Amino acid sequence: MKNEKTEDKSYFLYDFAKVTGVLPALLFWRPKVHWPFGKERIPDGPFIVVSNHNAFTNPIVLLLTIRKRHLNFMATTELMGNAPGRFVFRHFHLIPVSKDNFSMDTYYCLMNCLKKGNGAVIFPEGFVDTDEDMVHPFKDGTVLLAMKANVPILPVYIGKRTSSFRRQHVIIGKLYRPGADDSSRLSMARVRELTGLLHQKELELEKYYKQEVRK
């Protein structure tokens with residue numbers, strides 16, 4: 001699987017969908033971006049975006065927020081169970097990941113995306129929660145992958161949109177470089193500690209949204 005289902009070199013359909021869909025999507029979501037810790041320059045090179053996952057439309061919101069970069073989204077292999085799903089995975093360069101067992105195919109797919117200088121998007125909660133308005137604990141894999149690839153992480157919080165009449169609010173934090181000053185040998189205990197720090201940064205964005213934006 002290395003990785004014929006996702007490694008189509010052409011971004012034609014991806015770019016075509018973005019160009020033709022951006023105006024109606026902007027009119028529908030009317031996204032407003034907040035930078036509570038100062039505006040962060042989106043990296044020119046590879047980076048990982050992490051975000052909460054409170055709606056199936058979150059990927060569209062992120063594409064509207066970070067419009068000038070190619071973003072490769074990590075998505076469950078369950079969506080590849082039919083021909084339309086496989087088509088989307090291939091032409092929109094999604095990174096397949098199994099909910100039950102992380103495979104090396106996923107690792108190679110992600111590293112290939114980053115080597116091309118693209119951004120990779122991971123929803124580290126591991127599932128979509130459309131009911132509870134909260135950030136769930138993060139899985140450890142995101143920090144480990146960022147450290148292996150030596151790329152920064154951009155934390156993003158997407159506000160829950162309860163009505164199509166409300167604007168979509170997006171909160172962007174500061175770039176996080178897990179383990180950048182850590183000379184100790186990599187261990188799962190250290191990875192879990194850094195994952196906790198990343199989760200805390202996401203909670204800070206959630207707090208800002210609920211206290212300063214959602215009034």
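The values are calculated or read from the model by the stated rules, or taken from the named source; none is laboratory data. The shown structure was predicted, so the numbers you read here are calculated from the model rather than taken from an experiment. FYI the Cβ positions are ideal-geometry reconstructions off the backbone, even for glycines, and counts take in every protein chain you see.
Of all residues in region 137-153, those that are closer than 17 Å to V97 by Cβ and assigned to a loop (DSSP other than H, G, I, E, B) total 3.
When H70, H93 are checked against the criterion of being crowded, with 21+ Cβ neighbours inside 10 Å, closer than 19 Å to A17 by Cα and within 16 Å of the chain's Cα centre (by Cα), a single residue qualifies: H93. Of the numbered criteria (1) in a loop (DSSP other than H, G, I, E, B); (2) closer than 19 Å to I48 by Cβ, the one V191 fails is (1). For V135, the stated conditions hold: it is touching a helix residue (DSSP H, G or I) at 6+ places or on another chain (Cβ under 8 Å) and modelled with pLDDT of 95 or more. From the residues in region 107-119 that are in a helix (DSSP H, G or I) and in contact with a helix residue (DSSP H, G or I) (Cβ under 9 Å, 6 or more places away or on another chain), which one is surrounded by the most Cβ atoms within 10 Å (Cβ to Cβ)? By that ranking, first place goes to L110.
Yes/no per residue for (1) among the hydroxyl-bearing types (S, T, Y); (2) at pLDDT 90 or above:
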residue: V97; (1), (2): no, yes
residue: S103; (1), (2): yes, no
residue: Y108; (1), (2): yes, yes
residue: M111; (1), (2): no, yes
residue: K116; (1), (2): no, yes
residue: G119; (1), (2): no, yes
residue: G126; (1), (2): no, yes
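Among residues that are within 27 Å of R166 (Cβ to Cβ), without any contact (Cβ under 8 Å) to a residue 60 or more places away in the chain and of a type outside the set (K, R), T57 is included. Screening K99 against (1) over 20 Å from L63 (Cα atoms); (2) part of a helix (DSSP H, G or I); (3) touching a strand residue (DSSP E or B) at 6+ places or on another chain (Cβ under 7 Å) leaves a single unmet condition, (2).
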